[in-house]
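Remarks on the structure that follows.
Every number here is computed from the coordinates shown, using simple stated rules; none is lab data. On a predicted model such as this, the values are computed, not experimentally measured, just so you know. Don't worry about glycine lacking a Cβ; one is built from the backbone with ideal geometry, like all the others, and counts go over all protein chains shown.
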Amino acid sequence: MIRNTAVAGTFYPRSCEEINKQINHFSNILENSDFDSNLDFTPKAIIVPHAGYIYSGFTANAAYSLLKNLEPKRVVVIGPSHKFGFEGASVALLDEYASPCGNIPIDTQYSENLIYAFDFLDFNQKVHCEHSTETQIPFIKHYLPNTKIVEIIYSDISYKQITQIVAKALKEEDTFLVISTDLSHFYDLQKANEIDSIGLVAVDKLDLDIWNSGCEACGRTGVKALIQSANDFKLQSKLLDYRTSFDMTKDDKSVVGYMSAVLG
């Protein structure tokens with residue numbers, strides 16, 4: 001029982017060689033920039049985008065590059081559903097997660113325990129073709145090659161329910177958390193920057209009131225859950241990168257925003 005790739009060859013390369021070439025390219029840019037990789041805390045969670053790598057791969061890599069010295073037993077990846085609407089959230093009860101660089105084992109026991117613990121969780125196999133989670137897998141395989149995966153895709157659900165999963169993960173020393181989201185969609189560049197700045201400040205300050213004051217994000221439920229739990233556990237936050245699709249397309253009439261951050 002394998003969670004097959006759905007967007008390999010579109011959102012990211014189909015070959016492992018090309019994936020590694022892209023990731024190494026992003027890392028070389030980071031190393032030759034003023035990017036500050038110093039942290040005052042041990043990473044426990046990241047917020048990362050999920051567009052095609054040519055648009056948001058650099059932003060995602062800025063977060064994943066900080067994890068290369070970690071050795072979690074599992075990575076819980078939480079992302080919104082773009083193709084299917086349904087109540088609650090679905091956890092992948094499959095054996096392996098396919099990747100061009102080699103399959104990653106799914107932590108089925110952990111996933112089953114989640115379903116047992118939370119009545120809003122189930123396994124709905126048809127929704128596990130989601131790009132918001134799948135785009136994270138090549139980065140996880142690259143930087144955390146010995147970990148297992150737990151894939152959670154949500155649709156119609158409250159952030160307080162997702163908070164229960166996030167809190168469980170943050171309590172566990174051997175679990176790392178990935179929250180997937182893009183920011184505003186299809187505004188002109190100036191408007192996108194204005195709207196996205198609300199989300200950036202909210203994540204930087206871990207302030208739900210600011211987040212709720214006008215931020216737009218397709219993964220807003222997951223981000224709100226992380227902000228809530230970060231306050232509960234007194235975590236710190238560090239913004240890493242922000243950009244829009246304009247940086248690649250040079251089209252300032254209709255852009256999508258991307259950010260990454262690390263918490264611990």
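Some points to look at:
- Expressed as a fraction of 2.2 N^0.38 Å, the value expected for a compact globular protein of N residues, the C-alpha radius of gyration of region 76-140 is 1.10.
- Counting neighbouring Cβ atoms within 10 Å and putting the fewest first, the residues Ser158, Ser65 line up as Ser158, Ser65.
- Most positive-pole-ward Cα, Ser213, Gln236, Gly57, against dipole of the chain from beta carbon charges: Gly57
- For Lys83 and Leu39, the difference between the fully extended length at 0.36 nm per residue and the C-alpha to C-alpha distance is 12.2 nm.
- When peptides 76-82, 28-34, 181-187, 193-199 are sorted by average Cβ neighbour count within 10 Å, with the highest value leading, the order is 76-82, 181-187, 193-199, 28-34.
- Sorted by Cβ density within 10 Å, fewest first, the residues Glu134, Glu216, Glu71: Glu71, Glu216, Glu134
- Label-reachable residues, region 143-161, where backbone N falls under 19 Å from a point 7 Å from Leu70's Cα toward its Cβ: 143-153
- Alpha-carbon spread of region 1-148, three principal axes, descending order, Å: 47, 35, 26
- Charge dipole (Cα centre; +1 on Lys/Arg Cβ, -1 on Asp/Glu Cβ; no other charges) of the chain amounts to roughly 200 debye.
- Separation between Cα centres of region 132-151 and region 237-264, rounded to whole Å: 21
- Percent of C-alpha pairs per 10 Å bin in the chain, short distances first: 7, 33, 40, 19, 2.
- Put the Cα centre of region 1-55 next to the Cα centre of region 174-221 and the gap is 19 Å.
- Cβ-Cβ FRET estimate between Glu31 and Asn103, R0 fixed at 30 Å, reported to 0.05: 0.50
- Here's the picture: charge each Lys and Arg Cβ at +1 and each Asp and Glu Cβ at -1 in region 20-133, and of Asn32, Thr108, Phe120 the one pushed furthest to the positive end of that dipole is Asn32.
- Candidates Tyr143, Tyr116, Tyr12, ranked by Gaussian network fluctuation over the chain, Cα under 10 Å, top entry: Tyr116
- Label sites at Ala167 and Phe123, each approximated as a point 7 angstrom past Cα along Cα to Cβ, lie 2.7 nm apart.
- As a rough footprinting exposure proxy, the listed residues Met248, Met259, Met1 were ranked by other beta carbons within 10 Å of their own, and the order from fewest upward is Met1, Met248, Met259.
- FRET efficiency for the pair Asn24 and Asp252, taken as 1/(1 + (r/R0)^6) with r the Cβ-Cβ distance and R0 = 22 Å, rounds to 0.15.
- Of Phe11, Phe84, Phe139, the residue with the greatest mean-square motion in the GNM of the chain, using alpha carbon springs below 10 Å, is Phe84.
- Think of it this way: in the chain, Cys129, Cys215, Cys218 stand alone, with no other Cys Cβ under 4.7 Å.
- Ranked by the mean number of other Cβ atoms within 10 Å per residue, highest first, peptides 46-55, 86-95 order as 46-55, 86-95.
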